[in-house]
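Enquirer: Questions regarding the structure given below will be posed in turn.
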Amino acid sequence: MLVLLDSNVLISALLSPHGTPARIVDQWRDGRFQLLTCQHQIDEIRTASRAPKFRDRLQPHHVGTMLNNLYGATVWPDPLPRKHEAADPTDSYLLDLIEVAQPDYAVTGDKRSGLLQLDRLGHTKILSATAFSSQVLHL
């Protein structure tokens with residue numbers, strides 16, 4: 001099963017090591033699913049982790065470990081096609097990645113981006129972290 005985790009899910013996993021996003025990331029590390037990412041997302045996480053609102057809350061070595069782990073995921077090669085526009089323009093690349101890579105699931109916690117309202121893009125089911133955890137991983 002190929003899964004795209006939105007950057008907000010990955011950052012939430014770093015912020016709260018006992019929350020649902022962290023349990024999802026743990027399941028990926030345990031081999032329950034294959035993670036899909038791209039260089040744009042890796043760069044986005046690196047940049048976001050240095051933002052003032054996260055700088056004091058994130059341990060640099062935990063961020064570094066996650067970034068290194070992401071390179072072990074399925075990294076879609078650049079460039080991505082620029083076909084979609086999300087309500088939150090910074091998430092448009094996720095829609096493009098979903099279209100070209102066609103993961104089984106895309107998981108997001110961002111209600112502003114409009115991803116959850118889509119429900120599906122192609123055959124990709126779009127779920128919240130809570131729904132993915134309970135409905136798919138049965139946690």
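The values are calculated or read from the model by the stated rules, or taken from the named source; none is laboratory data. As the structure is a computational prediction, the values presented were derived from the model and not from experiment. Heads up, the Cβs are rebuilt from the backbone with ideal geometry, glycines too, and the neighbour counts pull from every protein chain shown. These area figures cover heavy atoms from the full protein model, side chains too; ligands, DNA and RNA do not enter into them. Shrake-Rupley method; radii C 1.70, N 1.55, O 1.52, S 1.80 Å.
Enquirer: Evaluate the charge dipole of the range 1-138 about its Cα centre and quote only its size in Debye, nearest 20, assuming +1 on the Cβ of each Lys and Arg and -1 on the Cβ of each Asp and Glu.
Expert: 320
Enquirer: Then there is this: Considering only DSSP states other than H, G, I, E and B, which GluC sites (Glu not before Pro) in the range 1-109 qualify as loop sites with at most 12 other Cβ atoms within 10 Å?
Expert: In loop regions of the range 1-109 (DSSP not H, G, I, E or B), the sparsely surrounded GluC sites (Glu not before Pro) are Glu85.
Enquirer: Within 13 Å, Cβ to Cβ, of Ser49, how many net charges do the neighbouring residues add up to if Lys/Arg are +1 and Asp/Glu are -1?
Expert: +2
Enquirer: Of Ala22, Ala87, Ala106, which is the most mobile in a GNM of the chain whose springs link Cα atoms less than 10 angstrom apart?
Expert: Ala87
Enquirer: Among Ala13, Gln135, Trp76, which residue has its Cα furthest toward the positive end of the charge dipole of the chain, with +1 on Lys/Arg Cβ and -1 on Asp/Glu Cβ?
Expert: Value: Ala13.
Enquirer: Still on this structure, I have one more. Using only DSSP helix segments of four residues or longer, with each worth -39500 (n - 2.57), what per-residue ellipticity at 222 nm results for the chain after dividing by its residue count and rounding to 500?
Expert: -11500 deg cm²/dmol
Enquirer: Then there's this: With +1 on each Lys and Arg Cβ and -1 on each Asp and Glu Cβ, how big is the dipole of the range 5-68 about its Cα centre, in debye rounded to the nearest 20? It would help to have the intermediate numbers written out before the result.
Expert: Working: 8 positive and 6 negative charges, 32 e Å.
That gives the range 5-68 a dipole magnitude of about 160 debye.
Enquirer: With each pseudo-label sitting 7 Å past Cα toward Cβ, what's the Arg29-Gln135 distance in nm, one decimal?
Expert: Output for this residue pair reads 2.7 nm.
Enquirer: On the protein heavy atoms, probe 1.4 angstrom, tell me the percent of accessible surface of the range 33-119 carried by carbon and sulfur.
Expert: Whole-percent figure for carbon plus sulfur exposure: 51.
Enquirer: While we're looking at this one, here's another question. Given all pairs of different Cα atoms, what value in angstroms does the Kirkwood hydrodynamic radius of the range 5-139 take? If you can, show how the numbers build up before the last one.
Expert: On the way: mean 1/r = 0.0665 Å⁻¹.
Kirkwood hydrodynamic radius for the range 5-139: 15.0 Å.
Enquirer: Oh, and also: Could you tell me the distance between the Cα centroids of the range 4-41 and the range 90-116, to the nearest Å?
Expert: Result: 14 Å between the Cα centres.
Enquirer: Contact order normalised by length for the range 10-139, with contacts defined as Cα pairs under 8 Å and 6 or more residues apart; what percent is it?
Expert: 20 percent.
Enquirer: In whole angstrom, and with the biggest value first, how far do the Cα coordinates of the range 40-84 range along each principal axis?
Expert: Answer, in whole Å and largest first: 36, 23, 11 Å.
Enquirer: While we're here: Send over a whole-number figure in Å² for the accessible area per residue of the chain, probe 1.4 Å.
Expert: Spelled out: the 1.4 Å probe surface of the chain, per residue, equals 52 Å².
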